Amino acid sequence: VFGQLTENFEGATFPPTGWTTFETGTGTAQSWGETNLTAFTYQGVGKSALINRENVATGLAIDWLVTSQVTVPANGQLRFFTKTVQTGNQGSLFDVKISTTSQTNPATFTNLISWDESSLTSVANVYEEKVIDLTAYPAGSQIYIAFVMTNDNGDRWLIDNINLVQKCDAPIGPLTTANESTSTAQLSWGSPAGITQWEVEIVPFADAFNNVPTQPIANTNVNFLATGLAPNTLYKFQVRSICPNGFTSDWFGPRSFQTASFGDTCAGPIVIPPTLPYITSDNTSNYLDTNDIAQPLICSSQATNYMAGNDVFYTFTPTFTGNIAITLSPTNASSSIHVYNA
């Protein structure tokens with residue numbers, strides 16, 4: 001296991017020990033520094049790295065914040081939280097660059113990824129985690145990572161909680177669903193070795209995923225019971241691993257499923273109101289085939305299985321004492337009603 005980079009800028013000095021800052025543009029009035037302003041720091045606490053905008057007479061202000069030399073772990077991944085401050089696009093550019101040979105020679109750096117103010121985060125002035133795979137750099141590679149802002153009276157760039165870690169393994173297939181009721185469904189997936197926690201996001205099928213967990217999992221059970229669902233609704237879900245170091249994997253999925261309608265199962269019947277009479281016109285083809293076990297012979301006096309085919313379940317709780325008449329007017333043969341005391 002190779003060493004990791006972890007930096008949250010809470011140390012006594014800036015830049016952190018072994019790091020450096022420098023400039024290559026025409027502006028020299030602003031340089032990378034730190035801030036403890038609540039409005040600027042990640043989660044409103046501690047300190048974050050900050051480069052302020054600069055209005056230059058000609059050219060561009062180009063400011064570099066470069067890590068010490070770090071070792072790329074197996075299946076390496078760079079993660080950090082970042083945001084700008086202003087709404088709109090003031091023209092700033094944000095680059096993450098890597099050099100394998102020098103900390104201070106810009107010519108040795110290769111651009112890993114670039115953003116402008118509209119693409120850095122989805123919401124202005126709100127921290128967002130950026131996750132960058134380092135697949136081009138084998139385990140054991142020695143690298144320097146640079147955070148570079150280019151601007152002319154652009155925006156501020158804030159960075160915090162930088163981590164270079166081994167990528168967390170995502171769940172594996174197959175994704176499966178079972179036991180769908182009117183409000184719950186059993187969700188299952190495969191998991192790589194060493195993973196004991198996951199997060200699930202469930203949304204209506206027509207909606208886009210927000211990549212925000214909606215069903216927390218506080219145990220080690222990959223057979224997860226999703227709750228609070230609406231009946232007769234098509235959903236989809238995705239799942240991701242939580243590794244022992246607290247970092248999450250990529251999302252895996254999606255898989256769709258549909259909750260049961262009221263009447264599909266004995267556990268989720270159609271409720272007949274206490275005031276009678278109750279009349280309904282429906283077709284069993286609108287419901288699931290959940291009970292094909294033949295009724296006892298004493299119920300029908302013949303071997304015909306009246307439970308074959310689709311079923312619809314009703315429940316009625318009387319508020320009076322007396323007789324109740326139930327009439328079925330079927331349009332197909334082998335239709336039946338079975339009444340029992342629950």
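The values are calculated or read from the model by the stated rules, or taken from the named source; none is laboratory data. No experiment lies behind these values; they were computed from the predicted model shown. Positions of Cβ are generated from backbone atoms using ideal geometry, with glycine treated the same way; all protein chains shown enter the neighbour counts. Accessible surface areas use protein heavy atoms only, side chains included; no ligands, DNA or RNA. Shrake-Rupley method; radii C 1.70, N 1.55, O 1.52, S 1.80 Å.
Tabulated data
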item: Accessible surface, per residue, of the chain when the full set of protein chains is kept, probe 1.4 Å, Å²; result: 53
item: Hydrodynamic radius (Kirkwood) for the stretch 175-214, which is based on Cα pairs only, to one decimal in Å; result: 12.2
item: Cα-based shape type of the stretch 74-169, given that a ≥ b ≥ c are square roots of the gyration tensor eigenvalues and the cut on a/c is 1.5; result: oblate
item: Estimated FRET transfer efficiency (Tyr306, Gln258; beta-carbon r; R0 30 Å; 0.05); result: 0.65
item: Residue-by-residue Karplus 3J(HN,Hα) for the stretch 73-82, coefficients 6.51, -1.76, 1.60, Hz, glycine and proline x; result: x, 4, 6, x, 8, 9, 10, 7, 9, 8
item: 16 Å Cα-Cα reach of Lys97 towards lysines, excluding residues that sit fewer than 8 places from it in its own chain; result: Lys130
item: Near-label residues of the stretch 90-111 by backbone N, under 18 Å of a point 7 Å along Cα→Cβ of Ala39; result: 90
item: Global form of the stretch 177-305, assessed from the alpha-carbon gyration tensor, a/c cut-off 1.5; result: prolate
item: Distance from the stretch 140-206 to the stretch 14-49 (C-alpha centre basis), Å; result: 27
item: Extension gain from Glu10 to Gln142, taking 0.36 nm per residue of separation minus the Cα-Cα distance; result: 45.1 nm
item: Computed helical MRE - 222 nm, the chain, DSSP H runs ≥ 4 contributing -39500 (n - 2.57), nearest 500; result: 0 deg cm²/dmol
item: Unit charges on C-beta of K, R, D, E only; dipole of the stretch 1-76, Debye; result: 60
item: Thr135 accessible area, 1.4 Å probe, all protein chains in place, Å² to nearest 10; result: 120
item: Shape of the chain, Cα gyration tensor, a/c cut at 1.5; result: prolate
item: Of all accessible heavy-atom area on the chain, the percent that carbon and sulfur account for (1.4 Å); result: 51
item: Förster-model FRET efficiency, 51 Å R0, Asn341 and Asn210, C-beta, rounded to 0.05; result: 0.65
item: Solvent-accessible surface (1.4 angstrom probe) belonging to Lys97, in square angstrom, nearest 10; result: 40
item: Pair Asn332, Ser183: separation of 7 Å Cα→Cβ label points (nm); result: 3.1
item: Scaled radius of gyration (Cα, divided by 2.2 N^0.38 Å) that the stretch 114-225 gives; result: 1.46
item: Estimated vicinal HN-Hα couplings, Hz - the stretch 121-135 in sequence order (Karplus 6.51, -1.76, 1.60; Gly, Pro = x); result: 9, 7, 10, 5, 6, 10, 4, 9, 7, 9, 10, 10, 6, 10, 5
item: Gained length - Thr28 relative to Ile279, 0.36 nm times residue gap less alpha-carbon distance; result: 82.1 nm
item: The stretch 6-16 - phi-based ³J(HN,Hα) in whole Hz, Karplus 6.51/-1.76/1.60, Gly and Pro as x; result: 9, 9, 10, 6, 8, x, 6, 10, 9, x, x
item: Amide hydrogen neighbours beyond the local backbone of Tyr314, cut-off 5 Å, H modeled; result: Ile270
